[in-house]
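The values are calculated or read from the model by the stated rules, or taken from the named source; none is laboratory data. Note that the structure is predicted; figures quoted are calculated from it, not measured. Every residue, glycine among them, receives a Cβ derived from its backbone with ideal geometry; neighbour counts consider all protein chains shown. The area values use the complete protein model at the heavy-atom level, side chains included, leaving out ligands, DNA and RNA. Shrake-Rupley method; radii C 1.70, N 1.55, O 1.52, S 1.80 Å.
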Amino acid sequence: MNFTQAITSGFQNYVNFSGRAVRSEYWFWTLFTILVSIVAGLIDLALFRSLDFSPLQSLVGLGLLLPSLAVSIRRLHDLDRTGWWFLLVFTIIGAIVLLVWNCMRGTIGPNRFGPDPLGGVA
């Protein structure tokens, strides 16, 4: 999956918490959210310097929260783990575990969350 396909998939499945998301989809989506947040922060800095908060960056964060959560949970499904494991992000050790898991290849072949998005190709 390339960058534009990952972004399209992220927005098309923004409330789809079922199915699977491959590594490339997850990491391209993460890159997209980081880049959009940086751009929004720079625009806020240029336009709203006198305010104590960043209105555009806050709106971007709210807009990307649900699709990011959905992609993260689908990524866990690709690893044959339930989405509840995402709650590990609220602990330091758990965030490290999730980072390692998100770097791993998903389950080859179908699992309990659906067919292999890569078609079983290594």
Complete set of residues in segment 83-102 that are open to solvent by 50 Å² or more (accessible area, probe 1.4 Å) and of a type outside the set (A, V, I, L, M, F, W, C): 91
Residue within segment 15-34 that is closer than 12 Å to residue 70 by Cβ and among the hydroxyl-bearing types (Ser, Thr, Tyr) present: yes
Test: residue in segment 28-38 that is farther than 19 Å from residue 3 by Cα and surrounded by 13 or more Cβ atoms within 10 Å (Cβ to Cβ): no
Considering residues of segment 44-65 that are of a type in the set (Gly, Ala, Ser) and surrounded by 12 or more Cβ atoms within 10 Å (Cβ to Cβ) only, the residue nearest to residue 99 (Cα to Cα): 61
Filter pass, residue 18 being surrounded by 12 or more Cβ atoms within 10 Å (Cβ to Cβ), in contact (Cβ under 8 Å) with a residue 12 or more places away in the chain and within 25 Å of residue 113 (Cα to Cα): yes
Filter result for residue 105 (crowded, with 17+ Cβ neighbours inside 10 Å, outside any helix (DSSP H, G or I) and under 16 Å from the mean Cα position of the chain (by Cα)): no
The lone exception for residue 26 - which of (1) within 25 Å of residue 8 (Cα to Cα); (2) over 13 Å from the mean Cα position of the chain (by Cα) it fails: (2)
Matching residues in segment 3-15 - criterion: being in a loop (DSSP other than H, G, I, E, B) and either open to solvent by 70 Å² or more (accessible area, probe 1.4 Å) or among the acidic types (Asp, Glu) (or both): 14, 15
Cross-chain or 6+ apart pairs with Cβ under 6 Å, segment 66-82 first and buried (at least 21 other Cβ atoms within 10 Å of the Cβ), then aliphatic (A, V, I, L, M): 71/21; 74/21; 75/21; 78/21
